[in-house]
Amino acid sequence: MTITIGVHSSNPSLYHLYHLSRLGLAREELAPLGESVVFHPYTDGVRTGELLSRGVIDFGGTGSTPPVTAQAAGHDIVYTAVSAPRPEHGALLVPEDSPARTVADLKGTTVHLAIGSWQTHLIAKALDDAGLSYADDITAVRGGDDSEELLRTGAIAAWVAQGDRLAAARRTGGLRTLIRTGDVITDRSVFFTRRDLAESRPEIVEALTRALRRADDWAAAHPRRAAEIAAADLGGSADDWETALRALPWRIEPVTDAFIAEQQEAADIFHRIGFIERPVTVAQALAGAGADRAA
């Protein structure tokens, strides 16, 4: 059997596992089980649940939002592991002279973010905590290469930045952090697979988790080299990438009750604001829970 690992640039652990494939980390972990491995690169982590259900990939990882929307879409996923919290991974930025001092001050404004990613979780929960609604009180627009420029010229009120782009924006100056990600959500990387693989071959999931930990160990020990890989592949400067990568925890942890509770809170907010069409019981995405059983 060949295990196909889905990989995209927004999940740091999987991204570096892929780019370290010459080291054979996943291959070495799977070989004793009689399995081989291939990688399937794709650009949009929001599609991970669909790709798992279609059998295009066997294992993937994203931020906190895509597995919730995958469950809402009927994909039978199982959480396998999470990263440690990433409090400095991203931030909601406003111009330095913006009148906005709290997220409540963004009511009626336009905010750029990566819709469908962990950034939706961040903004939706921050607004909910302030008694506001992501659906009704801001205009959420998918961010792009021009988001920083639009923010600096006043065309938008706020922008969720992450990674090297956050590091570059802060280095340039003139912007202020309105929300620090870690003050609102834990913002973990999340890894998941199909139920059939999780429940029939748990040893494969364990092997892949070990490979991820080895990739994380490498990135933590070689931040400059990891930054150079990202800059050469994705653009930006190695210096900004190094700043961003040094802010990550590079630690894979088990799925805990606290994580499931945070995901459930996100799912409830998403359903309340209409971001997902039906309620989700997050605990059903655990091995042994069963897609059709109440948790």
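The values are calculated or read from the model by the stated rules, or taken from the named source; none is laboratory data. Quantities reported herein were computed from a predicted structural model and do not represent experimental measurements. For neighbour counting, all protein chains shown are included, and Cβ atoms are generated from backbone atoms with ideal geometry for every residue, glycine included. Side chains included, ligands, DNA and RNA excluded: accessible areas come from the protein's heavy atoms. Shrake-Rupley method; radii C 1.70, N 1.55, O 1.52, S 1.80 Å.
A few remarks follow.
- Label zone at A287, where the point sits 7 Å out along the Cα-to-Cβ direction: the stretch 3-40 residues whose backbone N lies under 16 Å: 30, 33
- Ranking S147, S133, S9 by solvent-accessible area of protein heavy atoms (1.4 Å probe, all protein chains present), from largest to smallest, gives S9, S133, S147.
- When DSSP beta bridges are restricted to pairs lying wholly in the chain, around 60% turn out antiparallel.
- FRET efficiency for A73 and A130, using Cβ-Cβ distance with R0 set to 25 Å, rounded to 0.05: 0.30
- Among the listed values (i) 17.5; (ii) 14.2; (iii) 15.2, the one computed from these coordinates for mean projected area of the Cα convex hull in nm² is (ii).
- In the stretch 100-149, the trypsin sites (Lys or Arg not before Pro) that fall in loop regions by DSSP, at most 14 other Cβ within 10 Å: R101
- Solvent-accessible area of W218, all protein chains in place: 40 Å² (probe radius 1.4 Å, heavy atoms, ligands and nucleic acids excluded).
- GNM result for the chain, Cα springs below 10 Å: residue of R201, R165, R47 fluctuating most strongly: R201
- The relative contact order of the stretch 1-66 comes to 48 percent, based on Cα pairs under 8 Å that sit 6 or more residues apart.
- Computed from point charges on the beta carbon alone (+1 for Lys and Arg, -1 for Asp and Glu), the dipole magnitude for the stretch 65-179 about its Cα centre is near 220 Debye.
- Of all accessible heavy-atom area on the chain, the percent that carbon and sulfur account for (1.4 Å): 49 percent
- Other-chain or far-sequence residues with amide H under 5 Å of I115's (modelled H): G143
- Looking at the stretch 81-204 alone, DSSP beta bridges between its own residues are antiparallel in about 65 percent of cases.
- Per residue accessible area in Å² of the stretch 161-295, where ligands, DNA and RNA are left out and the probe is 1.4 Å: 46 Å²
- At the residue level, S200 shows approximately 80 square angstrom of accessible surface with a 1.4 angstrom probe and all protein chains present.
- Projecting the Cα atoms of L208, L127, T172 onto the charge dipole of the chain, computed from C-beta unit charges around the Cα centre, puts L208 farthest toward the positive end.
- Within a Gaussian network of the chain (alpha carbon springs, distance under 10 Å), most fluctuating of A73, A198, A266: A73
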